[in-house]
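Notes follow the structure.
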Amino acid sequence: MSEPVVLRWQMPAPIRGAGGRVAACPECGLMVRLILAMDLDDHSDEPSYLTCPGGHTWPEAAIPRRLGALLLAEILESDPGLYGRLDELREIYGNG
Ligand SMILES: [Zn+2]
């Protein structure tokens, strides 16, 4: 059984989700540098968890987890070397 590929990734640009809605922190309204928790194997419509630079975490209904899985797949495809660095990245961005 392999470890699930879960990564928390800081998105440099605002994240546009379902219906064109842009994810924003419900507490401080920040829309950039949000950290998105992505699970490569979770293709559900459950909300993804986001964390803003202020440390607020919330489930973002506009970003279903299947979108996060897609984003993570694209990130890994564009930079396959990341696979070997997942542990390192988890240490930087935390996990879970
Ligand atoms: Zn916030």
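Things to note:
- Positions within the range 23-56 being of a type in the set (A, V, I, L, M) and touching a residue at least 24 places away in the same chain (Cβ under 8 Å), in sequence order: A23, L30, L34, I35, L36, A37, M38, L40, L50
- Within the option set P26, P12, P53, P4, being loosely packed, with under 13 Cβ neighbours inside 10 Å, over 12 Å from the mean Cα position of the chain (by Cα), within 24 Å of L86 (Cα to Cα) and of a type outside the set (G, A, S) holds for one residue only, P4.
- The residues listed here are A69, A73; of these, the one that is assigned to a helix (DSSP H, G or I), among the aliphatic types (A, V, I, L, M), more than 14 Å from the ligand (Cβ to nearest atom) and buried (at least 18 other Cβ atoms within 10 Å of the Cβ) is A69.
- Annotation: of all residues in the range 16-42 being more than 14 Å from the ligand (Cβ to nearest atom) and out of contact with any strand residue (DSSP E or B) (no Cβ under 6 Å at 6 or more places or on another chain), the one that is farthest from L89 (Cα to Cα) is G19.
- Of all residues in the range 21-54, exactly one satisfies the criterion of being on the phi > 0 side of the Ramachandran plot and at pLDDT 95 or above, namely G29.
The values are calculated or read from the model by the stated rules, or taken from the named source; none is laboratory data. Here the structure is a predicted model, which means the values were calculated and not measured. When we count neighbours, we look across all protein chains shown, and the Cβ atoms used for this are built from the backbone with ideal geometry, even at glycine.
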